[in-house]
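Reading through the structure tokens given below for one structure.
A short reminder: the numbers here are calculations on the coordinates, not readings from a lab. Bear in mind that the values here come from a model prediction, so they are computed numbers and not experimental data. Counting neighbours? That spans all protein chains shown, and the Cβs are built from the backbone with ideal geometry, glycine included.
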């Protein structure tokens, strides 16, 4: 008899795929956490944002993994073009991290825009308005 195998999302998984299983588990946990945050939006909007929530969960976990790799290996990679041309360039992990960061920001804006008005977090101010409002000569 062979090792126990199961199918997850159309992929046959063996016990050797523990890293993959851990990643899927982390993504699903993050997705559940985000869904909980957006639990009070109406059902029509919720149906629209489910894919975005799944994308945000995926990007969040992927960025955590990339951040770990970047911390370990740095943000640059050595390259070799031809026999005598060497140099450094931005690592593929750093490039991917930056791209995901931009996409994550866009996706989060979509999610925040779907929240009811009273539930939206107020953006933190820089204190300028308080300074102007507190002046006596204005």
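Data overview
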item	result
Full-extension gain in nm, residue 86 to residue 112, via 0.36 nm per residue minus C-alpha separation	4.8 nm
Which of 24, 112, 78 has the fewest Cβ neighbours within 10 Å, and the rest in rising order	78, 112, 24
Footprinting exposure proxy for 43, 30 (fewest neighbouring C-beta atoms within 10 Å first)	43, 30
Förster radius 41 Å - calculated FRET efficiency between residue 45 and residue 98 (Cβ-Cβ, nearest 0.05)	0.85
Residue order, fewest to most surrounding Cβ atoms within 10 angstrom, among 62, 51	51, 62
